[in-house]
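The values are calculated or read from the model by the stated rules, or taken from the named source; none is laboratory data. Quick caveat, the model's predicted, so the values are computed rather than measured. With ideal geometry, Cβ positions are generated from the backbone for all residues, glycine too; neighbour counts draw on all protein chains shown.
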Amino acid sequence: MSANKSLTPNFEEDIFISYDRDDNKPLLEDYKGWIDTMHVGLARRLTHVMGEEPKIWRDIKKPGNTELREAILYKLENTAFLVFVLSPCYIKSEWCQWELKAFYERAVKKGGIKLGDKLRIFKVVKRPIDDSNPHAEPLEWSELPQELRRSLQESTGYDFYRIDSLTGKLVEFEPELGNDHKVSFLMKLCDLVDDIKGFIVECQRKTAAAPKPGEGRRAPAAPAPARGDCVYLAETTPDLGETRSAIKRELEQNGYHVLPDEGLPAGAAEFAEAVGRHLRRCVLSVNLVGADYTAIPKEENVWEFLDRQHKQAAERVIRQHELAMARGEGDPDFSRLIWMPDGLRAQGDEYQAFISYLLNSPDVYDGGEVRCGVKLEDLKTRIKEKLRWRPAAEAAPAAPRRIYLYCYKNELAAMSPIRQYLAERGYEVMLPFSGGAGFSSGHKENLRLSDAVIIYCSEDTIGYRLDEFRKNEAYRDNRPLLARGIYVSGPETERKQSFNAEDAVVMKNFGDFSPESLGPFLRRLEESAAGACAKGARV
């Protein structure tokens, strides 16, 4: 892999990161800054999915001098995409707004600000400007061009935070605050990377299709996604946002194109036109129906806003359902799938009537299907059946998502570098203990759900621990693991040095952690995953 050449044709750099330096100050000493963490993760994940290292640039010097300004202008003009990290600090920085405006002005002159109907600017929201109104327009009073402000407002964006539905408090994804934060951060980062990858691939395709000097005709362009490859996954209410993201991620990993792939307009007429345009490209619409209310007590100062936000989202849910019904008229190849959690109750009378209509009206069931209270995995299975899910070998194979790191409680700290390395590579890491006031074990559930297992052992009890683990494999219901590894660590002893196992990858590392020590296990895991894909199995 080489970083000497950008992945995006006709540009020197792939990505320019625009940010305010205060956002890169870690909450605790001895931790990496938030921007540093995002930059490293963005580069590594893009390398994994593209097979080549991207060229990513950000200025680390203090802003203000003329020499630096000229250098940044040159970078902005010769960079394919801008990722800007929106936050209260960013909005108050004249320098940051200057970078955003400068990229826009140069992009308009070089290649256009959009590729197709997608903006070349990616909006990463570290923290909203107004906690009581997270979706308020943060750039409304800025001096940025009106067209740019409108485009940024309508762009989907990548929210690295969530609103707690019980407390109403805003929770930022700060990786140093624990595993839950780290997982949420990585999943959102993967969504960002997937979209950037799509842009780069499209740029490469267009360049390859352009006529070479001296050629008289244009090479044929690659076809757009076929109708059978497009799924309309409707916008939903905030309480089901993560559910929608999980379904979208799995569809895209298996080669399906999920619409809408951009933010839907706010105006009623524009909204209906955009939804109708997307639906015409699809053979299936999936509507997730959530609540139109929040559980926050009415006396809380954020309740009124969040209630209004839920109600507006509910209105858009109803409208998308109506448009999907109209889309299916006279087209037997188009179908609808509606899902809602069990016991769903609405606050507003109109939305409650809509829920009753979905559950009981014969109109809904004509060409449609309502699933109430089924588990998320069961919903995914039904989507696959509706799409006549092709074997994963025909789509881009997805890496196994879950690796269970099995260890004793006194080894959790020593195993931390392994956990961090696997998480950075995009795996979902499962641990046998959760902390807090005390410890609790999820061993059996982790074993049941995992795709691969690493047994970590720093003591002279390897054989006993392996026998103990094998007894519990019955909880997997005879489903084979894609890979089983035994990581032997701690002080080197004769027993550890001579240990071997026929049914597992044995990794011995008696010094500081080295990523190379995991190489044999990860290669076995990828080979097994590829074999499962070839047989059409889910990995």
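Looking only at residues that are more than 24 Å from Arg21 (Cα to Cα) and in contact (Cβ under 8 Å) with a residue 40 or more places away in the chain in region 86-118, which one is farthest from the chain's Cα centre (by Cα)? Out of the qualifying residues, it is Gly111. Pairs are defined by a Cβ separation below 6 Å, a sequence spacing of at least 6 or placement on different chains, a first member in region 25-46 that is in contact (Cβ under 8 Å) with a residue 12 or more places away in the chain, and a second member that is among the β-branched types (Val, Ile, Thr) and assigned to a helix (DSSP H, G or I); the pairs so defined are Arg45/Val193; Leu46/Val193. Restricting Val317, Val286 to residues that are under 26 Å from Gly373 (Cβ atoms), modelled with pLDDT under 90, within 26 Å of the chain's Cα centre (by Cα) and β-branched (Val, Ile, Thr) narrows the list to Val317.
Hey, can you tell me all the residues within region 357-384 that are part of a helix (DSSP H, G or I) and of a type in the set (A, V, I, L, M)? If the condition is that a residue be part of a helix (DSSP H, G or I) and of a type in the set (A, V, I, L, M), then Leu358, Leu359, Val364, Leu376, Leu379, Ile383 are the ones that fit.
Is it the case that region 172-180 has a residue that's at pLDDT 65 or above, exposed (fewer than 13 other Cβ atoms within 10 Å of the Cβ) and not basic (Lys, Arg)?
yes
Every residue, every condition in (1) among the aliphatic types (A, V, I, L, M); (2) within 18 Å of Asp36 (Cβ to Cβ); (3) assigned by TED's automatic domain parsing to the domain that holds Asp36; (4) not in a strand (DSSP E or B), yes or no:
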position: Leu76; (1), (2), (3), (4): yes, no, yes, yes
position: Phe81; (1), (2), (3), (4): no, no, yes, no
position: Val85; (1), (2), (3), (4): yes, yes, yes, no
position: Cys89; (1), (2), (3), (4): no, yes, yes, yes
position: Gln97; (1), (2), (3), (4): no, no, yes, yes
position: Lys101; (1), (2), (3), (4): no, no, yes, yes
position: Tyr104; (1), (2), (3), (4): no, no, yes, yes
position: Pro128; (1), (2), (3), (4): no, no, yes, yes
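Could you grab me the full set of residues in region 468-501 that are in a strand (DSSP E or B) and without any contact (Cβ under 8 Å) to a residue 40 or more places away in the chain? Listed by number, the residues that qualify are Arg484, Gly485, Ile486, Val488.
Restricting Ala246, Ala269, Ala291 to those that are of a type in the set (A, V, I, L, M, F, W, C) and either assigned by TED's automatic domain parsing to the domain that holds Lys123 or without any contact (Cβ under 8 Å) to a residue 24 or more places away in the chain (or both) reduces the list to Ala269. Scanning region 20-49 for residues that are among the basic types (Lys, Arg) and part of a helix (DSSP H, G or I), we see that the one that is surrounded by the most Cβ atoms within 10 Å (Cβ to Cβ) is Arg45.
Only a single item in (1) on the phi > 0 side of the Ramachandran plot; (2) of a type in the set (Gly, Ala, Ser); (3) buried (at least 18 other Cβ atoms within 10 Å of the Cβ) is not met by Gly490, and it is number (3). Residue count for region 347-369, restricted to those that are crowded, with 18+ Cβ neighbours inside 10 Å and within 29 Å of the chain's Cα centre (by Cα): 1. Across region 411-448, the number of residues qualifying as part of a helix (DSSP H, G or I) and modelled with pLDDT of 85 or more comes to 10. In region 1-53, which residues are in contact with a strand residue (DSSP E or B) (Cβ under 7 Å, 6 or more places away or on another chain) and of a type in the set (S, T, N, Q)? Within region 1-53, Ser6, Thr8, Ser18 meet the criteria.
Among residues of region 226-247 being surrounded by fewer than 16 Cβ atoms within 10 Å (Cβ to Cβ) and not hydrophobic (A, V, I, L, M, F, W, C), the one that is modelled with the highest pLDDT is Ser245.
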